[in-house]
Amino acid sequence: MKDTAINVLKILEESPGPVSGERIAEQLGVTRSAVWKQIRELRRLGYSISSSRAEGYRLEARTDRLLPYEIRKQLRTRFIGRQIRHFDSTASTSWVGRKLADETDPEKLHGMVIIAEEQTGGVGRLGRAWVSPAGGIWATILLKPKIPLDHLFMITMAGSIAIARAIRKEYGISALIKWPNDIFVGDKKVAGLLLELTAEADTVHYALLGLGIDVNVPLDELSSNLRDTVTTLQAEVGREVDRVALLARVLREFELRYQQLEDGEYDSIVREWKSLSLTLDHRVAIKTINKTFSGEAIDIDEHGALIIRKDNGKIERVIAGDCFQL
């Protein structure tokens, strides 16, 4: 959104009543034609603005898009989300993040959030397609981590905690974390995360934390094979929810936990993750590339691996794989 459009919007926001195009033009030092052009742009972006020849323009309703201007008003973070890139549609926000980080010093992009109203080629864990229609939150956080290599996996843990806490605080819903990187409400998935690292030897050039949250996505728009396993916040709350407020909350919660990681407070992250775990102390089925087995999830270790007591009593450490609640 251009600065002129933002300035027009601010005048409408601050006015208790309608504002004439002439008055807006005088305040901004532009022509009335320029004002009308920005009004049209704001309407295109989803703002409801009424107009009257006698009275002028009035802001009736805000946009439901995840525009940087709207997010920053609620953000209150030090570095996460201070830079935002917004797209109506893109193949993948992670692809955009990789391109930016490869072309620019990642240090200068630390904390940038890339957002798309919809993704046409979203990718989840193990290369699976991630359905990303309009109405959800599809975002990637670009990071230049100052975290030891053996604790980088905890970025995903911090993100999982942030989403679960945000949903709980905003809507009073008991969101829980299913190992390794999904957020569930009840027995259905509502969000997922994916961490990508670009590294060479012992140096991490940058990290991309992808977030996908099914927010205001009508269940009947999901394919039939997803409806038994996926839910949306709109369905759980019973109404459309404020995506801007939710994303701003997620980013605030994430910055708090990310700072704990940079400060070496790993135990705090692990304890909070465990307190929100849907997986621990439950029977699960594990499917890895090489084998499938069942048992009780009893712990996670300092490297994020899931510890399983198998049905034969043996202890198995699972670094990567699919986990199914039994």
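Descriptive notes on the structure:
- Stretchable slack from Ile289 to Glu107, in nm (0.36 nm times residue separation minus alpha-carbon distance): 62.0 nm
- Gyration tensor (alpha-carbon) shape descriptor, region 226-274, a/c threshold 1.5: oblate
- Surface composition of region 39-97: carbon and sulfur atoms hold 44% of the protein heavy-atom accessible area at a 1.4 Å probe.
- Cα gyration tensor category, rounded, prolate or oblate, for region 172-326 with a/c compared to 1.5: oblate
- Contact order relative to length of the chain, as percent, for alpha carbon pairs under 8 angstrom and 6 or more apart: 13 percent
- Where (i) 26.9; (ii) 22.3; (iii) 19.1 are the candidate values, the label of the one calculated here for mean projected area of the Cα convex hull in nm² is (iii).
- Å² of accessible area per residue within the chain, as computed with a 1.4 Å probe and no ligands counted: 48 Å²
- In terms of the mean number of neighbouring beta-carbon atoms within 10 Å, the peptides 253-262, 200-209, 79-88, 112-121 order highest first as 112-121, 253-262, 79-88, 200-209.
- Over all other residues within a Cβ to Cβ distance under 11 Å of Arg227, the charged ones net out to -2, with Lys and Arg as +1 and Asp and Glu as -1.
- Label-to-label distance, nm, for residues given as Gln74 and Ile49 (7 Å Cα→Cβ offset): 2.2 nm
- Violating pairs (Cα-Cα greater than 31 angstrom) within the set Lys10/Lys169; Lys99/Lys274; Lys169/Lys314; Lys108/Lys178; Lys2/Lys108; Lys108/Lys188: Lys99/Lys274; Lys169/Lys314; Lys108/Lys178; Lys108/Lys188
- MRE, 222 nm, helices only [DSSP H, n ≥ 4, -39500 (n - 2.57), over the chain, to nearest 500]: -10000 deg cm²/dmol
- Cα-based shape type of region 80-121, given that a ≥ b ≥ c are square roots of the gyration tensor eigenvalues and the cut on a/c is 1.5: oblate
- Most tightly packed first, judged by the mean number of other beta-carbon atoms within 10 Å of their residues, the peptides 66-72, 246-252, 265-271 read 246-252, 66-72, 265-271.
- Taking each residue as 0.36 nm, the span from Arg309 to Ile173 lengthens on full extension beyond its C-alpha to C-alpha distance by 45.9 nm.
- Look at the alpha carbon pairs under 8 Å that are at least 6 residues apart: their mean separation over the length of region 22-79 gives a relative contact order of 20 percent.
- Share, in percent, of DSSP beta bridges within region 182-238 that are antiparallel, nearest 5: 95 percent
The values are calculated or read from the model by the stated rules, or taken from the named source; none is laboratory data. Treat the numbers as computed from the prediction; the structure is a model and nothing was measured. When we count neighbours, we look across all protein chains shown, and the Cβ atoms used for this are built from the backbone with ideal geometry, even at glycine. Protein only, heavy atoms only, side chains kept; ligands, DNA and RNA dropped before computing areas. Shrake-Rupley method; radii C 1.70, N 1.55, O 1.52, S 1.80 Å.
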